[in-house]
Amino acid sequence: MQSKNSKPLTTRERAHLLAVKSLPCSVCNAEPPSDAHHIKQGRHFCAVALCKECHQGYNGIHGTKTLWRIVKLDELDALNITIARLYATT
């Protein structure tokens, strides 16, 4: 979802986010579609593929982060996994 004060997505940003959403979750490997979690708001090329639970669930990144601690990942680790998967599919 885009905030009301942000600029419209460019064609490349939109394509990138669609590609991220087509990947499995970078934390638990749940099947796509995934959410595109932005590490920093408005930085569309720094989006991580996350399932609903790892993204917005109680134990996800916007919750207690328990799932993340169990698999010993942080946002940069998950971004690395997302980027590697993007390049593996192209």
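The values are calculated or read from the model by the stated rules, or taken from the named source; none is laboratory data. Fair warning: this is a prediction, and the values are worked out from it, not measured in the lab. Cβ coordinates were reconstructed from backbone atoms using ideal geometry, including for glycine residues, and neighbour counts include every protein chain displayed. Quick note on the areas: whole protein, heavy atoms, side chains included, nothing else; ligands and nucleic acids left out. Shrake-Rupley method; radii C 1.70, N 1.55, O 1.52, S 1.80 Å.
Rounded to whole numbers, the Karplus 3J(HN,Hα) couplings from phi for region 22-27 are 7, 8, x, 4, 6, 9 Hz, using 6.51 cos²θ - 1.76 cosθ + 1.60 with θ = phi - 60°, and x at Gly and Pro.
Could you work out the longest stretch of the chain that avoids the trypsin sites (Lys or Arg not before Pro) located in DSSP loops with at most 11 other Cβ atoms within 10 Å? It would help to have the intermediate numbers written out before the result.
Numbers: sites that count: K4, K40, R43, K72.
So the longest stretch without any such site is 5-39.
Distances between placed amide hydrogens fall under 5 Å for C28 paired with C51, all partners being 5 or more residues away or on another chain.
Database remark: amide H of L23 closer than 5 angstrom to the amide H of S34 (H placed geometrically; neighbours at sequence offset of 5 or more, or on other chains; Pro and chain starts carry no H). Amide H to amide H, with H built 1.01 Å from N, V48 comes under 5 Å of H37, H38, I39, counting only residues 5 or more places away or on other chains.
Compute the whole-percent fraction of alpha carbon pairs in region 4-52 spaced more than 13 Å apart. Taking all Cα-Cα pairs of region 4-52, the fraction more than 13 Å apart is 54 percent. Taking every alpha-carbon pair under 8 Å whose residues sit at least 6 apart, the chain reaches a relative contact order of 23 percent. Accessible surface of E31, taken over heavy atoms with a 1.4 Å probe and every protein chain present, rounds to 150 Å².
Residue by residue, region 46-55 carries 3J(HN,Hα) couplings of 10, 10, 10, 6, 9, 6, 4, 5, 6, 8 Hz when phi is fed to the Karplus relation 6.51 cos²θ - 1.76 cosθ + 1.60 (θ = phi - 60°); x denotes Gly or Pro.
Evaluated on the chain, the Kirkwood hydrodynamic radius is 13.1 Å, with distances taken between all distinct Cα atoms. Checking every one of the chymotrypsin sites (Phe, Trp or Tyr not before Pro) in region 12-90 against DSSP loop status and a limit of 13 other Cβ atoms within 10 Å picks out F45, Y58.
For region 25-68, build the convex hull from the C-alpha positions and give me its volume per residue in Å³. Write down the numbers at each step before the final one.
Details: hull volume 2.7 nm³, N = 44.
Looking at region 25-68, the number lands at 61 Å³ per residue.
Per-residue 3J(HN,Hα) values for region 76-87, derived from phi via the Karplus relation 6.51 cos²θ - 1.76 cosθ + 1.60 with θ = phi - 60°, read 5, 4, 5, 5, 4, 5, 4, 5, 4, 5, 4, 6 Hz in sequence order (x marks Gly and Pro). Our helix-only sum for the chain, with -39,500 (n - 2.57) per DSSP H run of n ≥ 4 divided by its residues, gives a mean residue ellipticity at 222 nm of -11000 deg cm²/dmol. When nucleic acids and ligands are ignored and a 1.4 Å probe is applied, I83 ends up with an accessible area of around 70 Å². Cross-link reach is defined here as a Cα-Cα straight distance under 13 Å, omitting same-chain residues fewer than 8 places apart; for K52 the aspartates and glutamates meeting it are E31, D35.
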